[in-house]
Amino acid sequence: MSHLVFDAPRVAEAYDAARPEYPAALYDALSELSGTALDGALVVDVGAGTGISSRGLMERGARVVAADLAGHMLAYFSGASVLADGNVLPFRDGSADLVTYAQAWHWLDPKSSIDEAMRVARHAVAGWWNSVDTAKADWLAECQVRLSGVPGYTGPEGRDLPAIARAMAEAGLDVHDRWVHWTRHVAIETFLTNLRSHSYMARLDPARADELIERERTEVLRVFPGGDLVVPMRVYLAVGRKGPAE
Ligand SMILES: C[S@@+](CC[C@H](N)C(=O)[O-])C[C@H]1O[C@@H](n2cnc3c(N)ncnc32)[C@H](O)[C@@H]1O
């Protein structure tokens, strides 16, 4: 599937408005597993999109350069950014402390992306993915079953997450990974907009997408009649260290 699905005003707007942020514990784990304090670190955030991960890193004191191929996504980010392919980064060897992929590595070439990240990063390469935790709520599991008929839908995580850990290990990195659990409190409209921002929904005929969204609204409101949802979430984080942090 092409990443170009994100480079459209409607998708970028839905993405920025409704995709979940990452919990504080994720950034703590990134710092711990990479052996790198985020405060003052120079980070290249590849597949930065609208800047959800880049802003999270900056809030913790990192200096971030956001890199993405989708101009419509990067337009939502007001910090330093570059239109660039993560498989061929326009940065000098060892010019960053960390290279990160938040919710993004699965769009890149599994080998050349890691080779490039290792060339640019002095300390570590890291990838993470937020997903709903279907094991913690029956209503979420039922939601996933309903979505399973949508072409391109590949489950709550959307992909074989530890693949990044394997790719890092094969490239010679010292890999550490962790699941971080958290809870998202979110209004029904944001939950549904988030659903719309996924690539499998963005590719549907708009009338079919509207129909699916309305079906989800009806089903989810049965569980949360007031429209305030409590969503169990989890983040998978993999960090590949180049060696002892300086
Ligand atoms: C799901 S979004 C993740 C955005 C953000 N990091 C976040 O945490 O929400 C994935 C992003 O990866 C970008 N992308 C896909 N392939 C890419 C590539 N080869 N180089 C750079 N960015 C790419 C897409 O344009 C999209 O903005």
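The values are calculated or read from the model by the stated rules, or taken from the named source; none is laboratory data. Just so it is clear, the model here is predicted, and its values are computed rather than measured. Don't worry about glycine lacking a Cβ; one is built from the backbone with ideal geometry, like all the others, and counts go over all protein chains shown. Heads up: the accessible areas ignore ligands, DNA and RNA and are worked out on the full protein's heavy atoms, side chains in. Shrake-Rupley method; radii C 1.70, N 1.55, O 1.52, S 1.80 Å.
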Original post:
Where the accessible area of segment 66-202 is counted over protein heavy atoms with a 1.4 Å probe, how much of it, in %, is carbon and sulfur?
Top reply: 53 percent
Subject >> Measure of compaction for segment 109-192 (Cα Rg per 2.2 N^0.38 Å) >> reply: 1.38
Original post:
the chain: percent of C-alpha pairs farther apart than 26 Å?
Top reply: 37 percent
Subject >> Accessible surface, per residue, of segment 1-126 when the full set of protein chains is kept, probe 1.4 Å, Å² >> reply: 40 Å²
Subject >> Rg to Rh, two decimals, where segment 147-246 supplies the alpha carbon set and Rh follows Kirkwood >> reply: 1.11
**OP:** Taking the Cα centre of the chain as origin, sum charge times position over the Cβ atoms of Lys and Arg (+1) and Asp and Glu (-1), and report the length of that vector in debye to the nearest 20.
**Re:** 100 debye
Subject >> Helical contribution to [θ] at 222 nm, DSSP H n ≥ 4, -39,500 (n - 2.57), averaged over the chain, rounded to 500 >> reply: -10500 deg cm²/dmol
Subject >> With eigenvalues of the C-alpha gyration tensor scaled by 5 and rooted, segment 1-141, Å >> reply: 23, 19, 15
**OP:** Using a 10 Å cut-off on Cβ atoms, rank the peptides 97-105, 173-181, 136-144 from the highest mean neighbour count down.
**Re:** 97-105, 173-181, 136-144
Original post:
Based on the mean of other beta carbon atoms within 10 Å per residue, what is the order of 4-17, 190-203, 210-223, most packed first?
Top reply: 190-203, 4-17, 210-223
Original post:
Hey, any idea what Rg/Rh is for segment 63-155, computing Rh the Kirkwood way over Cα pairs?
Top reply: 1.08
